[in-house]
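Encoded as structure tokens, the structure appears first; notes follow it.
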Amino acid sequence: MKLVDKFTLWFLGVIVITTPITSYICLNNIERKIDDVEIARLKIVNTKAAARMADGTTVNIPRDASFTTFTLLPALPADSFRIRKDADPDGNHKSLESRLTVSTFMTINGKPYEVTTSSYIPASRQILNAIMDTVAWKLLLIIVCVAVSARFLSQRILHTLRLTMKKIHNFDLKKKITFPQTNTEEFKELNTFLKKMTDKAVEEYTAVKQFSENASHELQTPLAVIRGKLELLSETNIDEDQASLLADMHHAIEKLSKINRSLILLSKMENNEFAVTEHIKFCRVAKDVLAAYEDRLEMKNIQVKRELDKNIQLRIHPVLADMLMNNLLGNAIRHNVQDGMIHVILKQEKLVIKNTGLPPETPTEELFERFRKSNQCSESVGLGLAIVKQICEVCDFKVSYKYKAPLHILQVDFCPGSVINEAEQDKFETAAVVTA
């Protein structure tokens, strides 16, 4: 739910809750004011009627819906006047008027009299109906005005917030961003905080990137020197034991070099240095990688079963596509058994690689972590599946693993936005031809 909708609902909720309370207060105030005004008027009528009677003028004549009567009393009571209100003068419980009676006790021509005047005023039910009609129209008008004005104010007041959110959505670690100016204090504080955070993220990204580049260069250089020295040493007169030691050292150097390249690759992917903007034929990548691994497959006498659909186009960086397929297939060969089997399935919506192998000793949910190895294979550096997972996260794919004896099953589900359907493919190929 949008922020403006929440404010609107909260405001309307407060109005709905307070309206019955204010209506009740309004009803009591109106009734009290009507009673006070009518009582004051009837007192004046009684006073004037007494004055006429004292002068000998006829007074029992209806005037302004008021009726005045005189009653001779033996003595004057302690009260100077009495008020009586009859809410149902007709006795049918449907009366729309109440009868208000004011009795004034006074001496006229030396005799005690009760001067009584009655009048009809609107009943509570009639006043309540009028208030309810007014409240209903008032609520309707408020709801319409709030709904319309909230949208209008949202376009003006929250425009700066929308621009800020757009900037955040399009934030790139490679450059700093500038937030829009605003006069709203809260938005100023938000933009100041976001500016500090994004600038810090850009600076940290730049530092990590420089470290990765420097580490790659500085580590590869001594590794190349050591590798060269070992090769020169292997060409000298050495015995069989020394040759075995040199081979182990050379293998360790190659493994260290591979770990260095893999970690740098993971760092680049985490820093979003591979923009997913290109459309490539993934089926062609799969065929090329399978062809490149034919020698290794023959060495283990592994049978490969292929189910590759044609024209599978994905939005993925070419380098990442090649790495994804290489790591998955290399992992299937490395952890396979002699005379084993690999089954490669490539469909429009997924890539599945099944291979025979020993049951995993590591919990399956930990296999995608760095430096986790299934069965502690000596040829593996423990980063292949971590790279696969990182590539899938960059491309919005979903990768999963399960073991169903005797098969290891790795599946990559392509998200709907990454797969190009036939209509998009035709447009893409047409645009490529026109560009060419």
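The values are calculated or read from the model by the stated rules, or taken from the named source; none is laboratory data. Quick caveat, the model's predicted, so the values are computed rather than measured. Reconstructed Cβ throughout: ideal geometry from the backbone, glycine too, with neighbour counts over all protein chains shown. For the accessible areas, the whole protein counts, side chains as well, though only heavy atoms, and no ligand, DNA or RNA atoms are used. Shrake-Rupley method; radii C 1.70, N 1.55, O 1.52, S 1.80 Å.
Just for the range 185-215: of the residues that are polar (S, T, N, Q) and surrounded by fewer than 16 Cβ atoms within 10 Å (Cβ to Cβ), which one is modelled with the highest pLDDT?
Keep residues of the range 185-215 that are polar (S, T, N, Q), which gives 191-192, 198, 206, 210, 212, 214.
Subsequent filtering for residues that are surrounded by fewer than 16 Cβ atoms within 10 Å (Cβ to Cβ) retains 192, 206, 210, 214.
Working: THR192: 90, THR206: 80, GLN210: 76, ASN214: 73.
By that ranking, first place goes to THR192.
Screening the range 152-184 for residues that are at pLDDT 85 or above and in a helix (DSSP H, G or I) and picking the one that is surrounded by the most Cβ atoms within 10 Å (Cβ to Cβ) gives THR164.
Please verify whether LYS354 is farther than 14 Å from VAL412 by Cβ, of a type in the set (Lys, Arg), over 35 Å from the mean Cα position of the chain (by Cα) and not in a helix (DSSP H, G or I), treating the condition exactly as stated. Walk me through how you get there before you give the answer.
On the way: farther than 14 Å from VAL412 by Cβ: no; of a type in the set (Lys, Arg): yes; over 35 Å from the mean Cα position of the chain (by Cα): yes; not in a helix (DSSP H, G or I): yes.
No: the conditions fail for LYS354.
Can you tell me which residue in the range 1-24 is most open to solvent (accessible area, probe 1.4 Å), limited to those that are under 17 Å from ILE143 (Cα atoms) and out of contact with any helix residue (DSSP H, G or I) (no Cβ under 9 Å at 6 or more places or on another chain)? Here the answer is TRP10. For the range 142-151, filtering for residues that are open to solvent by 50 Å² or more (accessible area, probe 1.4 Å) and in contact (Cβ under 8 Å) with a residue 40 or more places away in the chain leaves 2.
Figure legend. Inter-residue proximity from the range 130-141: first residues in a helix (DSSP H, G or I), second residues polar (S, T, N, Q), beta-carbon distance below 7 Å, spacing 6+ or different chains. Indicated pairs: ILE131/SER23; VAL135/THR19; VAL135/SER23; LEU139/THR19. Taking the range 25-40 as the range and being crowded, with 16+ Cβ neighbours inside 10 Å and of a type in the set (D, E, K, R) as the test, the residues that pass are GLU31, GLU38. Of all the residues that make up the range 261-318, how many are at pLDDT below 75 and either in a helix (DSSP H, G or I) or open to solvent by 90 Å² or more (accessible area, probe 1.4 Å) (or both)? Summing the residues that are at pLDDT below 75 and either in a helix (DSSP H, G or I) or open to solvent by 90 Å² or more (accessible area, probe 1.4 Å) (or both) in the range 261-318 gives 12.
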